[in-house]
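K.L.:
Okay, here's the structure, questions in a sec.
Each reported figure results from applying straightforward, stated rules to the coordinates on display, with no laboratory input. Fair warning: this is a prediction, and the values are worked out from it, not measured in the lab. All Cβ positions, glycine included, derive from the backbone under ideal geometry; neighbour counts span all protein chains shown.
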């Protein structure tokens, strides 16, 4: 990720957010999707678009799971009343846009965009 962001002159905040989202997706594929121990369990493709965004394709070989159809996390409920899970999905939905899912053979394929905001100079 460091090399990609550096090569495309992306701000540190963008690199942090991309790392956070991709780590969440990968960990979920391993822990919940059944990808643990699979060779080539996940693939990530990144590309900068002309619209000042990073286009991401995340593929995993886990159980079929459509993140776009998953229920929203109840982030308004008190912690003691919340069900476990769902916060990673919430994070992806908050940081990404144009999130789409499809299943091709044994692959879950998630495509999404991350808008790149200009870093503001601090004085």
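K.L.:
Using just the alpha carbons, could you tell me how many Å³ per residue the convex hull of the range 2-115 encloses?
P.N.:
Convex hull of Cα atoms, per residue: 121 Å³.
K.L.:
Between residue 91 and residue 7, what length in nm is gained on full extension when 0.36 nm per residue of separation is reduced by their alpha carbon distance?
P.N.:
Answer, rounded to one decimal: 27.7 nm.
K.L.:
Let me ask something additional. Rounded to the nearest 0.05, what FRET efficiency is calculated for residue 19 and residue 115 with R0 set to 22 Å and r the Cβ-Cβ distance?
P.N.:
Efficiency, rounded to the nearest 0.05: 0.85.
K.L.:
Would you kindly give the portion of the calculated P(r) for the range 14-54 that falls above 17 Å, as a percent of all Cα pairs?
P.N.:
The answer is 41 percent, as a whole percent.
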